[in-house]
1. Find how much the distance from residue 124 to residue 153 grows on full extension, using 0.36 nm per residue of separation minus their present alpha carbon separation; answer in nm with one decimal.
2. Let me know the shape class of the range 1-83, please: from the alpha-carbon gyration tensor, a ≥ b ≥ c as square roots of the eigenvalues, rounded when a/c is under 1.5, otherwise prolate if a/b is greater than b/c, or oblate.
3. For a test of the definition: using alpha carbon positions, the gyration tensor, and the 1.5 limit on a/c, classify the range 78-159 as rounded, prolate or oblate.
4. Determine, from the Cβ-Cβ distance of residue 18 and residue 91 and an R0 of 25 Å, the FRET efficiency 1/(1 + (r/R0)^6), rounded to the nearest 0.05.
5. Of the listed values (1) 26, 19, 14; (2) 28, 18, 15; (3) 43, 20, 15, grab the one calculated as semi-axes √(5λ) of the Cα gyration tensor in Å from the structure here.
6. Sort 89, 41 by Cβ crowding within 10 Å, fewest neighbours at the top.
7. Ranking 104, 33, 156 by Cβ neighbours within 10 Å, fewest first, what do you get?
8. Cα-based count: Lys pairs in the chain below 25 Å, eight or more positions apart or different chains?
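Here, each number is a calculation from the coordinates, and none is a lab measurement. Owing to the predicted nature of the structure, the values given are computational and were not obtained by experimental measurement. No Cβ is skipped: glycine too gets one built from the backbone with ideal geometry, and neighbour counts run over all protein chains shown.
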Amino acid sequence: MGEIGLETGSPREREIFAAQLDLGSELRSMGKRMGIHTPRSDKLAITQEILSILESYSGLEAITVVDHCTPETIGWVLEKGYWAGVTLSPVKASFSDLGQIVERHPGHLNRIMCNTDSGSIFYEDLYDLCQSDMFSPKIRNQLVSENVFGFFRLRRTGS
């Protein structure tokens with residue numbers, strides 16, 4: 001289920017988010033996953049609000065990715081046991097931001113996934129990651145492929 005979450009943190013938005021999270025235990029028993037959005041504006045405060053609301057819904061950590069994390073917010077997400085999405089794009093998280101994240105959280109790379117909001121627009125950050133010598137091939141593969149397959153419980157075909 002997703003992308004759910006908060007954009008402004010208004011009371012109505014929090015009410016809807018809580019109702020969506022109420023489905024979490026049912027999703028867990030069905031083997032489904034949840035993606036939670038964090039906004040660009042007021043990111044620090046609203047990410048804290050999201051994590052505070054999530055505290056009332058124990059057991060969702062393994063099926064939940066909190067997306068659009070930045071170097072400033074990812075530690076909170078990982079500390080709570082959730083998966084973290086890093087959206088590589090000029091307006092969300094840069095390649096340099098990802099470098100900071102990998103450096104600061106080497107013990108949690110197994111719960112970090114890179115993605116892009118690019119749609120049909122190509123962003124250089126994702127290409128730079130795949131070509132970079134800054135990260136080992138193992139880390140690059142983990143961030144853009146292995147963790148995604150693990151989180152979504154996908155099987156590889158045609159190998």
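1. 7.6 nm
2. oblate
3. rounded
4. So the FRET efficiency works out to roughly 0.30.
5. This structure yields the entry labelled (1).
6. Result, fewest neighbours first: 41, 89.
7. Listing 104, 33, 156 from fewest to most nearby Cβ atoms yields 156, 104, 33.
8. Total qualifying Lys-Lys pairs in the chain comes to 5.
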